[in-house]
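K.L.:
Quick one: the structure is below, and I'll ask about it shortly.
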Amino acid sequence: MKILVAECMQEVSSFNPLPSEYADFTVERNSAFVRNPGLNTSLAGALAVFDQNADVEVVPTISARAGSGGVLSAAGWAQLSSEWLAELAPHAGKVDALYVSLHGAMGAQGEPDPEGHLLEQIRHLFGATIPIVVSLDLHGILTNRMLHQIDGLTIYHTYPHVDFADTGRRAATLLLDIIRRGLRPVIVRVRVPMLARGDECITKTGWFGDVIADAQLLERSGKVLAAGVMIGNPFTDAPELCTQALVVAESDADLARGAATALAEAMWAGRQRLVGKLVPVAKAVALAASMPGPILFTDAADATSSGASGDSNVLIKALQEAGYPGRVLAQIVDPAAARAAHAAGVGAQVNVTLGGVYDPARFTPMVVTATVESLSRGRARLETMGVPLDGGDDEPYRQPLRSGDVLRKRPRSHGF
């Protein structure tokens, strides 16, 4: 049997004023994106299952991945979507099934539901009867358009995410079961009007983890084909954003509905706990000054891992203005300051502005005189997936600058 494999992944923050562009995506075609089977990605996990089955011929088409960022520009989306679908189109009528690795929280100017559009076009190209299974991030937003085009899905079961490959393996296994056993899956979704945030979302220790454990128990019992809960990305401003409990079952809609409802009710029961506990900046700084270190500040609203611009200087300003007595390691995105430091060299003093590079409406740039501590191209590897994060010679430089006792380090972006 021939199984077409494709991938399109990005998570966006609608509140990042800097749009993502086509150039932000790593695009690999045909066999290029199946050469690294050992990665901890959904795609690699699915390929590992397919490779273990001698009767399966994988038909690789295209993988497009970008780190979290702002909404994809209209021009970027037009190029990406047309190229992506053009790689799939020649295989219509020539394969037996499709596995598609998606995130679920993409966004583009003029297209609030990119994944829904791609799946809609796939269904149009390949027909109503061909099995399509997708894997999704639990921070994705499963839309009606997406749901109506697929035969099955699997969802991450961990946050922070570590089960990328396992999610792909479960998706591939589900797809093979649909083909070989002639299954007719039903997908039931129960929406919950809430956005889950805070430490209780950590699946190892929090309330959300207990709900996910129930979903995993359902899968292991064999009563359902797949189960999970998507809590969405609160920074992706999409019309259908909410929490969703999902269950895939063989033909039995009542069973799936009962199981999905139980998961949804468990999430609703924990709604008072699934809320981020916020502390005003001034109070947080005062508390830190009175406590033994080290102290960790979390500025979740400016997390580049969720698509934010990363140029908030609010905490740095507050710490300096309060005369915080300790030493501070702060991360902020500022390519111009980084280039100035590289031009000056290690040990040199530089006068730069920090913050508000992309979002000056929220963050007023601050003037800083600093010493360049070290220099780096910033090449790194995302440990959870094993995926390189560097962008080659054009990657914006990273370096620590020291001003007083505040050490600022400039990362560019993160994966999701």
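The values are calculated or read from the model by the stated rules, or taken from the named source; none is laboratory data. As the structure is a computational prediction, the values presented were derived from the model and not from experiment. Note that each Cβ is placed from the backbone with ideal geometry, even for glycine, and that neighbours are counted across all protein chains shown.
K.L.:
Of all the residues that make up the range 170-222, how many are over 25 Å from the mean Cα position of the chain (by Cα) and either in a loop (DSSP other than H, G, I, E, B) or under 30 Å from ALA301 (Cα atoms) (or both)?
P.N.:
Final tally of qualifying residues: 4.
K.L.:
Cβ contacts < 9 Å: first residue surrounded by fewer than 16 Cβ atoms within 10 Å (Cβ to Cβ), restricted to the range 68-84; second residue among the β-branched types (Val, Ile, Thr), any location; separation 6+ or different chain. Result?
P.N.:
These pairs meet every condition: GLU83/VAL27; GLU83/ILE62.
K.L.:
Okay, next question. Given GLU21, GLU57, GLU7, GLU87, which one is touching a Lys or Arg at 6+ places or on another chain (Cβ under 8 Å), acidic (Asp, Glu), outside the structural domain of PHE363 (by TED's automatic domain parsing) and closer than 30 Å to ASP302 by Cα? Don't jump to the end; show me each part of the working.
P.N.:
Details: GLU21 fails: touching a Lys or Arg at 6+ places or on another chain (Cβ under 8 Å); GLU57 fails: closer than 30 Å to ASP302 by Cα; GLU87 fails: closer than 30 Å to ASP302 by Cα.
Result of the check over GLU21, GLU57, GLU7, GLU87: GLU7.
K.L.:
Might you check whether a residue that is touching a Leu at 6+ places or on another chain (Cβ under 8 Å), part of a helix (DSSP H, G or I) and on the phi < 0 side of the Ramachandran plot occurs anywhere in the range 127-144?
P.N.:
no
Here is a yes/no grid of residues against (1) farther than 30 Å from ASP163 by Cβ; (2) in the same structural domain as SER13 (by TED's automatic domain parsing); (3) in contact (Cβ under 8 Å) with a residue 60 or more places away in the chain:
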site: ASP299; (1), (2), (3): no, no, no
site: ASP311; (1), (2), (3): yes, no, no
site: GLY323; (1), (2), (3): yes, no, no
site: ASP334; (1), (2), (3): yes, no, yes
site: HIS342; (1), (2), (3): yes, no, no
site: ASP359; (1), (2), (3): yes, no, yes
site: PRO365; (1), (2), (3): yes, no, no
site: THR369; (1), (2), (3): yes, no, no
site: ARG377; (1), (2), (3): yes, no, no
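So that you can scan it fast, the table gives a plain yes or no per residue for (1) surrounded by 20 or more Cβ atoms within 10 Å (Cβ to Cβ); (2) more than 21 Å from CYS201 (Cβ to Cβ); (3) in contact with a Gly (Cβ under 9 Å, 6 or more places away or on another chain):
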{"site": "LEU274", "(1), (2), (3)": "yes, no, yes"}
{"site": "VAL279", "(1), (2), (3)": "no, no, no"}
{"site": "ALA286", "(1), (2), (3)": "no, yes, no"}
{"site": "PRO294", "(1), (2), (3)": "no, yes, yes"}
{"site": "GLY307", "(1), (2), (3)": "yes, no, yes"}
{"site": "ASN313", "(1), (2), (3)": "yes, yes, yes"}
{"site": "ILE332", "(1), (2), (3)": "yes, yes, yes"}
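K.L.:
Also: Hey, among GLY310, GLY323, which residue is at pLDDT 90 or above and under 20 Å from the mean Cα position of the chain (by Cα)?
P.N.:
Working: GLY323 fails: under 20 Å from the mean Cα position of the chain (by Cα).
Being at pLDDT 90 or above and under 20 Å from the mean Cα position of the chain (by Cα) holds for just one of GLY310, GLY323, which is GLY310.
Conditions (1) at pLDDT below 95; (2) among the hydrophobic types (A, V, I, L, M, F, W, C); (3) in contact with a Phe, Trp or Tyr (Cβ under 9 Å, 6 or more places away or on another chain), marked per residue:
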residue	(1), (2), (3)
VAL100	no, yes, no
ALA108	no, yes, yes
GLU111	no, no, yes
LEU118	no, yes, yes
ILE122	no, yes, no
LEU153	no, yes, no
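K.L.:
Which is of a type in the set (S, T, N, Q) and either under 17 Å from the mean Cα position of the chain (by Cα) or surrounded by 17 or more Cβ atoms within 10 Å (Cβ to Cβ) (or both), of THR129, THR143?
P.N.:
Numbers: THR129 fails: either under 17 Å from the mean Cα position of the chain (by Cα) or surrounded by 17 or more Cβ atoms within 10 Å (Cβ to Cβ) (or both).
Testing whether each residue is of a type in the set (S, T, N, Q) and either under 17 Å from the mean Cα position of the chain (by Cα) or surrounded by 17 or more Cβ atoms within 10 Å (Cβ to Cβ) (or both) leaves just THR143.
K.L.:
A follow-up question, please. Look at the range 317-333 and say how many of its residues are farther than 19 Å from SER305 by Cβ and outside any strand (DSSP E or B).
P.N.:
Keep residues of the range 317-333 that are farther than 19 Å from SER305 by Cβ, which gives 317-328.
Add one more test, that the residue is outside any strand (DSSP E or B), and what stays is 317-327.
Summing the residues that are farther than 19 Å from SER305 by Cβ and outside any strand (DSSP E or B) in the range 317-333 gives 11.
K.L.:
Continuing with this model, one more query. Is at least one residue of the range 35-55 of a type in the set (Lys, Arg), surrounded by fewer than 22 Cβ atoms within 10 Å (Cβ to Cβ) and touching a strand residue (DSSP E or B) at 6+ places or on another chain (Cβ under 6 Å)? Walk me through how you get there before you give the answer.
P.N.:
Restricting attention to the range 35-55, the residues satisfying the condition of being of a type in the set (Lys, Arg) are 35.
From what's left, surrounded by fewer than 22 Cβ atoms within 10 Å (Cβ to Cβ): 35.
Pick out the ones that are also touching a strand residue (DSSP E or B) at 6+ places or on another chain (Cβ under 6 Å) and you get none.
Scanning the range 35-55, I find no residue that is of a type in the set (Lys, Arg), surrounded by fewer than 22 Cβ atoms within 10 Å (Cβ to Cβ) and touching a strand residue (DSSP E or B) at 6+ places or on another chain (Cβ under 6 Å), so the answer is no.
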